[in-house]
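Below you'll find the structure, written out as structure tokens, and then a few comments.
The values are calculated or read from the model by the stated rules, or taken from the named source; none is laboratory data. Since the model is a prediction, treat every value here as computed from it, not as a measurement. Counting neighbours? That spans all protein chains shown, and the Cβs are built from the backbone with ideal geometry, glycine included.
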Amino acid sequence: MSEFRQNPATKEWVIIATERARRPEDFKPAHECDAHPPEQEYDPDCPFCPGNEHLAADPTYVDPDAESWKVRVVRNKYAALDRETKPQRVPHGNFLSATGYGVAEVVIETPVHNLPLHSRSQDDIFRYVKALKARQHAISHFPDISHVTIFKNHGPRAGTSLAHPHSQIIATPIIPPHVRDPFQKAMQHYDTYGSCVYCDLVQEELRQQERVVVENEHFVAFCPFASRSPFEARIYPKRHIQSYHWTADNELESFAAILRDITERIYTALDNPDYNFIIRSAPVGDEDVRYLHWYFILIPKVTTPAGFEIGTGIYINVVPPEEAARRLRDTPASQVS
Ligand SMILES: [Zn+2]
Ligand SMILES: [Zn+2]
């Protein structure tokens, strides 16, 4: 049984997951598969390839419009959190823990084993981002869920153990300081200036332009002014939307387009780097406030945080975001429909 434990000095939580089953390992050592997607379109041993649906857990979502599925979402068989557990704080002497309640799902983005995100059609990416929206919406209504995180780990250095394109959704009954603290700063900004700090920074990046990589009707992608790592790229909705699942479908089409564009530029410019991306939304219950704004952040794993970064939280970024944005702008992106 896994459990949350809180550091009493920082109020940060960890998950102690001693019984976590070993996940399927289909990756060779990192150096052998760094820059290359798997060769085959279909892997008979892959639990996410068509025909092997029985190897994964029961689906919570199957793209309803397609005869053969285009996107499937399944419960994570190897999750550190369990949706059947009763959420409860449990004291350990003067320390605090909590039962390992939470929701963990895996989004199988495509039936094709070796198809990177940017190589899919606009329609397929739209189906994928719509599945994320549907599941975030449903999971937000689970009892006691306070925060829903959508993320993707691409490649072994980013922490994935499965080659088949997939992302994850993890929902917790806890809002960690890592999420809460910036949102409190955003509230202070609202109290001072009467505006959403994220709307303000989007306006400023659009005005200065030098870090903007690409924009469309509803979204803008840029390397932020204070990027913590080389080629950190963010996508923000231009409209004030607090939570990803509140994004309208016509806006999601626009998001699918800019997501394809930015991931293609990163893929080409950095030769298929490992990366993590995260979609951060307002906590459940805070989705109608004027100071929270959802965003997408992609971090290529081209550097490793070292002692100074871990010790101070101040990251040393060796590629100025203006230079990173210029290189991404200069990288051709294909026009697809
Ligand atoms: Zn597969
Ligand atoms: Zn805003």
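Figures for the structure shown
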| read-out | value |
| --- | --- |
| Hits in segment 86-123 (condition: assigned to a loop (DSSP other than H, G, I, E, B) and over 28 Å from Ile174 (Cβ atoms)) | Thr110, Pro111, Val112, His113, Asn114, Leu115, Pro116, Arg120, Ser121 |
| Unique residue being without any contact (Cβ under 8 Å) to a residue 60 or more places away in the chain, surrounded by 22 or more Cβ atoms within 10 Å (Cβ to Cβ) and either in a strand (DSSP E or B) or small (Gly, Ala, Ser) (or both) when the list is Ala282, Ala221 | Ala221 |
| Residue that is nearest to ligand 1 (Cβ to nearest atom) [pool: residues in segment 275-298 that are more than 18 Å from Ala256 (Cα to Cα) and among the hydrophobic types (A, V, I, L, M, F, W, C)] | Val284 |
| Identity of the residue in segment 157-178, closer than 18 Å to Cys49 by Cβ and in a loop (DSSP other than H, G, I, E, B), that ends up nearest to ligand 1 (Cβ to nearest atom) | His164 |
| Residue that is assigned to a loop (DSSP other than H, G, I, E, B), at pLDDT 90 or above and of a type outside the set (Asp, Glu), where the choices are Pro47, Pro38, Pro24 | Pro47 |
| Index of the failed condition, Val202 passing every other in (1) under 22 Å from Thr149 (Cβ atoms); (2) within 19 Å of the chain's Cα centre (by Cα) | (2) |
| In segment 60-85, residue surrounded by the most Cβ atoms within 10 Å (Cβ to Cβ) [restricted to those that are assigned to a strand (DSSP E or B) and touching a helix residue (DSSP H, G or I) at 6+ places or on another chain (Cβ under 8 Å)] | Val73 |
| Which numbered condition Phe151 misses (of (1) buried (at least 19 other Cβ atoms within 10 Å of the Cβ); (2) under 30 Å from Glu322 (Cα atoms)) | (1) |
| Selection within segment 242-279 - more than 23 Å from Glu323 (Cβ to Cβ), part of a loop (DSSP other than H, G, I, E, B) and over 17 Å from the mean Cα position of the chain (by Cα) | Ala248 |
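Here's the yes/no breakdown for (1) surrounded by 14 or more Cβ atoms within 10 Å (Cβ to Cβ); (2) within 16 Å of ligand 2 (Cβ to nearest atom):
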site: Glu251; (1), (2): yes, yes
site: Arg260; (1), (2): yes, no
site: Phe277; (1), (2): yes, no
site: His293; (1), (2): yes, yes
site: Pro305; (1), (2): no, no
site: Asn317; (1), (2): yes, no
site: Asp330; (1), (2): no, no
